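> Structure incoming, see below.
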Amino acid sequence: MLTNKVKRYLVTGGDGFIGSALVRYLLDHTNHQVLNISKASYSVSPQTLKSYQHHPRYHYQKLDICEAVPLKKVIYGYQPDVIVHLAAESHVDNSIFSPDPFIESNIIGTYTLIKIALDYWQTCKRDFRLHHVSTDEVYGSLSEEGTFTETTAYAPNSPYAASKAASDLLVRAWHKTYGFPMTMSHCSNNYGPYQFPEKLIPTMIIKALRGERLPIYGNGQNIRDWLYVDDHIDALMQIIDKGRIGESYCISGQTEIRNIDLVLDICRILDTMAPNSSHESYRQLISYVPDRLGHDYRYASDIGKISTALGWVARTPFKQGLVSTVRWYLDNQGWWQGLLAQKPSLPQDSEVRL
């Protein structure tokens with residue numbers, strides 16, 4: 001149902017995986033205006049939001065949020081009611097081998113954004129908030145037992161996680177020091193359509209379809225908690241509409257699965273949807289490679305707070321979401337093939353970055 005009160009949303013990183021899902025939701029299911037600010041990094045495709053480029057409520061600005069002068073001009077000119085901060089370098093393996101862009105984008109970029117947003121809020125005195133989207137990886141790694149909550153101590157183990165933790169603390173400090181109107185969320189691993197091919201699920205789908213080896217880190221026993229991207233967007237909208245200023249919320253699909261079991265599930269789905277010409281299971285392509293440096297063992301989050309306070313729970317069963325995701329990559333091969341044409345191949349076993 002379309003909402004009655006029209007707001008101006010500014011979405012940083014709005015043509016990324018989660019950002020584009022949010023933009024599509026806002027344009028398809030609300031009356032809100034949307035401005036997408038993006039530096040159009042390597043991991044985005046112009047095809048992702050191509051069908052919306054002439055939408056009367058959609059606006060796009062190519063801009064790096066580290067660039068303070070043009071960013072201030074855009075914010076003051078657009079006069080947003082809500083800023084959803086999604087712009088970030090997000091690939092853990094890239095952060096291990098090249099941390100500089102993560103420090104700049106995730107820390108300096110966030111600082112630049114909230115510094116300008118604070119001045120905008122104080123000057124314009126608008127009914128305004130900024131929602132900062134973060135990750136459960138800031139909490140570190142779990143053993144077999146326990147879950148992350150909003151009060152779990154930060155213990156990031158990768159340069160990516162550390163850069164996100166730093167950005168979280170900046171946003172929190174701006175609220176505590178200046179009363180800056182913010183909310184924050186920490187999500188588990190997202191999956192779904194339009195995810196860039198370097199991430200685990202699309203990597204395995206695409207490599208299988210190309211008959212390439214399916215590299216699994218270590219022994220494949222690491223556990224992740226998966227969240228379908230549309231459920232994540234629903235949670236974000238609940239927080240933005242009803243969440244309390246200054247509060248943080250954990251978002252999770254409540255679906256824990258070992259990496260090897262996830263890849264086996266993908267192989268089984270592909271065996272049915274796109275049988276291999278040799279009539280062998282795609283699982284024959286699975287291989288094990290040296291483990292990731294500092295590889296966190298397990299992630300799992302407690303959603304008691306967002307469920308109790310805002311009535312949110314994930315609605316997409318994991319098996320259903322995974323089948324839909326595999327089907328999307330089968331039906332939209334032109335999308336990912338176009339990206340791979342710019343990035344000639346997915347990482348090989350010797351340099352795998354999942």
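> How many residues does region 139-173 contain that are surrounded by fewer than 22 Cβ atoms within 10 Å (Cβ to Cβ) and among the basic types (Lys, Arg)?
1
> Taking region 105-119, which residues are surrounded by fewer than 23 Cβ atoms within 10 Å (Cβ to Cβ) and touching a Ser or Thr at 6+ places or on another chain (Cβ under 9 Å)?
SER105, ILE107, TYR111
> Going through region 195-251 one residue at a time, which ones are of a type in the set (Gly, Ala, Ser), touching a Leu at 6+ places or on another chain (Cβ under 7 Å) and over 27 Å from ASN332 (Cβ atoms)?
Result: GLY243, single match.
> In region 229-292, which strands (runs of 3 or more DSSP E) lie fully inside it and hold 3 or more residues that are buried (at least 21 other Cβ atoms within 10 Å of the Cβ) and under 20 Å from the mean Cα position of the chain (by Cα)?
248-251
> How many of the residues in region 296-314 are over 19 Å from the mean Cα position of the chain (by Cα), assigned to a loop (DSSP other than H, G, I, E, B) and of a type outside the set (Phe, Trp, Tyr)?
1
> Is it true that some residue in region 336-346 is at pLDDT below 95, touching an Asp or Glu at 6+ places or on another chain (Cβ under 8 Å), surrounded by 14 or more Cβ atoms within 10 Å (Cβ to Cβ) and within 23 Å of PHE97 (Cα to Cα)?
Yes, some residue in region 336-346 is at pLDDT below 95, touching an Asp or Glu at 6+ places or on another chain (Cβ under 8 Å), surrounded by 14 or more Cβ atoms within 10 Å (Cβ to Cβ) and within 23 Å of PHE97 (Cα to Cα).
> Quick check on region 95-131: of everything there that is over 20 Å from ILE18 (Cα atoms) and of a type in the set (D, E, K, R), which residue is nearest to the chain's Cα centre (by Cα)?
Ranking the qualifying residues of region 95-131, first place goes to GLU104.
> Is it fair to say THR123 is of a type in the set (S, T, N, Q) and surrounded by fewer than 18 Cβ atoms within 10 Å (Cβ to Cβ)?
yes
> Check ILE75 against each of (1) surrounded by fewer than 18 Cβ atoms within 10 Å (Cβ to Cβ); (2) within 22 Å of THR183 (Cβ to Cβ) and name the one condition it does not meet.
Only one criterion is unmet by ILE75, namely (1).
> Quick one: is LYS207 surrounded by fewer than 24 Cβ atoms within 10 Å (Cβ to Cβ), modelled with pLDDT under 95 and not acidic (Asp, Glu)?
In short, no.
> Also: Is there any pair with a first residue in region 103-122 that is within 11 Å of ILE65 (Cβ to Cβ) and a second that is small (Gly, Ala, Ser) and surrounded by fewer than 19 Cβ atoms within 10 Å (Cβ to Cβ) whose Cβ atoms are under 7 Å apart and which are 6 or more apart or on different chains, and what are they?
THR112/ALA68; ILE116/ALA68
> Something else: From the list LEU26, LEU35, pick out the single residue that is closer than 27 Å to TRP226 by Cβ and either crowded, with 16+ Cβ neighbours inside 10 Å or in contact (Cβ under 8 Å) with a residue 40 or more places away in the chain (or both).
None of the others qualify; the one that does is LEU26.
> Now for a separate question. All but one of (1) surrounded by fewer than 17 Cβ atoms within 10 Å (Cβ to Cβ); (2) in contact with a Ser or Thr (Cβ under 7 Å, 6 or more places away or on another chain); (3) among the acidic types (Asp, Glu) hold for ASP136; which doesn't?
It is condition (1) that ASP136 fails.
The values are calculated or read from the model by the stated rules, or taken from the named source; none is laboratory data. It should be emphasised that the depicted structure is a prediction, and the values quoted were computed from it without experimental measurement. When we count neighbours, we look across all protein chains shown, and the Cβ atoms used for this are built from the backbone with ideal geometry, even at glycine.
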